[in-house]
Each structure stands twice: as structure tokens, then as C-alpha cells.
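Read the structure below first, then the notes.
The values are calculated or read from the model by the stated rules, or taken from the named source; none is laboratory data. Please read these numbers as outputs of a predicted model, since none were measured by experiment. Reconstructed Cβ throughout: ideal geometry from the backbone, glycine too, with neighbour counts over all protein chains shown. Accessible surface is based on the protein model in full, side chains and every heavy atom, while ligands, DNA and RNA are left aside. Shrake-Rupley method; radii C 1.70, N 1.55, O 1.52, S 1.80 Å.
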Amino acid sequence: MVARRRRKGLSFYERKEKMKPGTWKEIFSYVFWIFSVSFAAFVIVLLFGMRTSMIGVSMEPTLYNSQEIFINKVSYLLFSPGRGDVIVFQPNGNENSHYYVKRVIGLPGETVQIRNGQIYIDGELLDEYTFDKIETAGLAEKPYLLGEDEYFVLGDNCNNSEDSRSGNIGAVHRDYIIGRAWFCLAKEDVGIGFIK
């Protein structure tokens, strides 16, 4: 009788349960979504996540020295830079130079001239943007004709800016434009936001 009880006692043998088909489907769904989100994040960072720092005071009050800027590298693959865009470029394609950040004033095929401290595009006064009276006309003292895919750029703080008026920068060729400056990070008392 004792032997019979021992046989009927606890058994440590467990039956293995098979996974239900729905469980496999759910696991693959999770793996798929994790991969998709990771890939999308990688593409977004690759295309929009490039950043640089503003060097100097040439773009004040829009951007300040050492302020971090995010660059949109995709928009100019689809569209051409427009007047008023703040662009990031390498002067004359010099890869050893730091990135320059300036505002587009003149577009391809236009003639830019600075007379009496004001900007003229194809002989018409440009009054869309507020600049201080420009003290130095530089290359734009005489009518400056932009070639195909060339842009004339100025710093918002134009009297403290090295830009298209300077012989070592001149007109910016589209091939040397890295992208559009579209978002800036906070710097001390300056807030974050989109660049206008």
C-alpha cells in the first residue's frame, strides 16, 4: 500500500505546450514595427539631423554666435533655394572651411547691386527684408550678374558679415550648398525654434 501511494505522489514531469500560431504572428509584428521605427529614425536623422554651430555675429539677431543649427539636406534636392532662405554652405566648395550660414538675397540670372546702402535686384529696390544701411557694397558696388545656379547671400547683420560682397566668397554655387538652416537650439536667453 505504501508503494502504491508513492507512485501516485507528485510528478515533476511537465508537458511542453506548443506556441499558438497567433503568438508567432504577434512576435513577428513586434519585430517588424521595431525595425520599421528604427529605420525611419535613421533616415530622419540622416536627412534632417545634421547640425552645425553658428560662427560669429553675422546673422544676428536671427542667429547668435555658437548657436546650434539643424540642417535640412533634403529640401534642396526637391526645390531650389528661395529668396530669404537661410542656407548653410562651404565657400567655393572648400571642404577645409567651416560652414557659413547666410540669407539668400539674389537668385540665379538676377543682377544684384548695392547703392546708397540699399539692395537692388534687377534695378528694383529690395524692401522685403530689413537690413541696416549697408556700409560696404564690395563686389555689388557695380551690377553683379549671377550665373546659372549661383546665389547672392548676405548676413542679417550685414555690416559685420563676410558674404557674397567679399571676393573670397562671391556668389555661392548651388553645388556648394549643404542645405537649409531650419531649426536652432537654445542658447542662454535665446529660445529654440524654426529659422525664418
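Just a few scattered comments:
- Near Gly179: Cβ cut-off under 11 Å, other residues only, Lys/Arg at +1 and Asp/Glu at -1. The net charge is +2.
- Gyration tensor (alpha-carbon) shape descriptor, region 120-188, a/c threshold 1.5: oblate
- Summing +1 for each Lys or Arg and -1 for each Asp or Glu among the other residues whose beta-carbon sits under 13 angstrom from that of Leu145 gives -3.
- Between Ser80 and Ser29, the FRET efficiency estimated from the beta carbon spacing at R0 = 41 angstrom works out to 0.45.
- The heavy atoms of Asp175 offer some 120 square angstrom of accessible surface to a 1.4 angstrom probe.
- Theoretical gain in end-to-end length, Arg51 to Arg174 [0.36 nm per residue, Cα-Cα removed]: 42.4 nm
- Surface/4 estimate of mean projected area, convex hull on alpha-carbon atoms of region 50-196, nm²: 8.2
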